[in-house]
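Visitor: Sending over a structure as structure tokens; questions will come in a sec.
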Amino acid sequence: MLPGSHKEQLSLATRLTARWAAVWFLLAFTARPLFEMFGGPFSEVLRQRRYIGLGVASIHTIHGVAFVWLIASTDVSRPAIVWIVGGTGYLLMWAMAATSNDRAMRALGKNWKRLHTLGMWWLWFVFTYSYGGRIFRTGTETLGLVMAGLFVLAALIRIPATRRLIGRNRIA
Ligand code: HEM
């Protein structure tokens, strides 16, 4: 049982689920670049990426249940833009989860890659924006800095030029 009032419990559940989803999302998002840079232990992460992605979708669906409950039963609210951009993130995420199998990959062809690339970067944006905003909120500055920093770093290592730079410095 979580401590605190009904609102505090739902707020905590909302935050914890988003946090777990964020960590697993980062793992799936960086699996390939980490494997390319460091090989070895990351080959297993790369192999399991589909299941990590499905894990993200499951945990983040619970985030959805928690925030809808929180907003419906307390004075917490979110502006329309959050519903639109965040809601689109959910639609993309569920579409990605539904197509995370070999049959859908074959059936969708090039569109599979388009959907998964768009969805991944959309989710990256919403996570980065959410944590970026926390940098300027009293009491959540450190959380915001660490998490937004990790998301920016994750995006950077997906750029081949940054990976080459890190690789060269490792060899030197
Ligand atoms: C792809 C969609 C979404 C992502 C990636 C996302 C991500 C996040 C993140 C990173 C946090 C901060 C967690 C923390 O403190 O560690 C958060 C909190 C929250 N999110 Fe979401 N979110 C999404 C969609 C939405 C939508 C559509 C709503 C409601 C309209 C929403 C409502 C909330 C609320 C109310 C909190 C704060 C709870 C609190 O601090 O008490 N989220 N979300």
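Visitor: Quick check, is GLU36 in contact with a Pro (Cβ under 9 Å, 6 or more places away or on another chain), assigned to a helix (DSSP H, G or I) and charged (D, E, K, R)?
Guide: So GLU36 fits the description; yes.
Visitor: For ARG50, work out the one condition from (1) within 16 Å of the ligand (Cβ to nearest atom); (2) touching a residue at least 24 places away in the same chain (Cβ under 8 Å) it doesn't fulfil.
Guide: (1)
Yes or no, residue by residue, for (1) among the hydrophobic types (A, V, I, L, M, F, W, C); (2) within 20 Å of ARG163 (Cα to Cα):
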| site | (1), (2) |
| --- | --- |
| SER5 | no, no |
| THR14 | no, no |
| THR17 | no, no |
| VAL23 | yes, no |
| PHE29 | yes, yes |
| ARG32 | no, yes |
| MET37 | yes, yes |
| PHE42 | yes, yes |
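Visitor: Moving to a separate point now. What number of residues within the range 105-149 are closer than 16 Å to ARG15 by Cβ, under 14 Å from the mean Cα position of the chain (by Cα) and of a type in the set (A, V, I, L, M, F, W, C)?
Guide: The qualifying residues number 4.
Visitor: So, one more: Go through (1) assigned to a helix (DSSP H, G or I); (2) within 11 Å of the ligand (Cβ to nearest atom) for ARG137 and report which single condition fails.
Guide: Among (1) assigned to a helix (DSSP H, G or I); (2) within 11 Å of the ligand (Cβ to nearest atom), the lone unmet condition for ARG137 is (1).
Visitor: I'd like the residue in the range 140-156 that is touching a Lys or Arg at 6+ places or on another chain (Cβ under 6 Å) and assigned to a helix (DSSP H, G or I) and, out of all such residues, is nearest to the ligand (Cβ to nearest atom).
Guide: Restricting to residues being touching a Lys or Arg at 6+ places or on another chain (Cβ under 6 Å) and assigned to a helix (DSSP H, G or I), the top hit is LEU143.
Visitor: For the range 80-96, check the following and say yes or no: at least one residue is closer than 26 Å to LYS7 by Cα, in contact (Cβ under 8 Å) with a residue 40 or more places away in the chain and over 18 Å from the mean Cα position of the chain (by Cα).
Guide: no
Visitor: Another question about this same structure. Of the conditions (1) of a type outside the set (Ser, Thr, Tyr); (2) surrounded by 15 or more Cβ atoms within 10 Å (Cβ to Cβ); (3) farther than 17 Å from ALA97 by Cα; (4) within 16 Å of the ligand (Cβ to nearest atom), ALA28 clears all except one; give me its number.
Guide: Every condition holds for ALA28 apart from (3).
Visitor: Only residues that are within 17 Å of the chain's Cα centre (by Cα), in a helix (DSSP H, G or I) and farther than 13 Å from TRP20 by Cβ: list them for the range 46-79, please.
Guide: LEU46, ARG49, ARG50, TYR51, GLY53, LEU54, GLY64, VAL65, PHE67
Visitor: For the range 91-135, name all the residues that are surrounded by fewer than 17 Cβ atoms within 10 Å (Cβ to Cβ) and of a type in the set (Ser, Thr, Tyr).
Guide: THR117, TYR129
Read the figures in this text as sums done on the coordinates, not as results from a lab. Please read all numbers here as calculations on a predicted model, not as lab measurements. Glycine also receives a Cβ, built like all others from the backbone with ideal geometry; neighbour counts cover every protein chain displayed.
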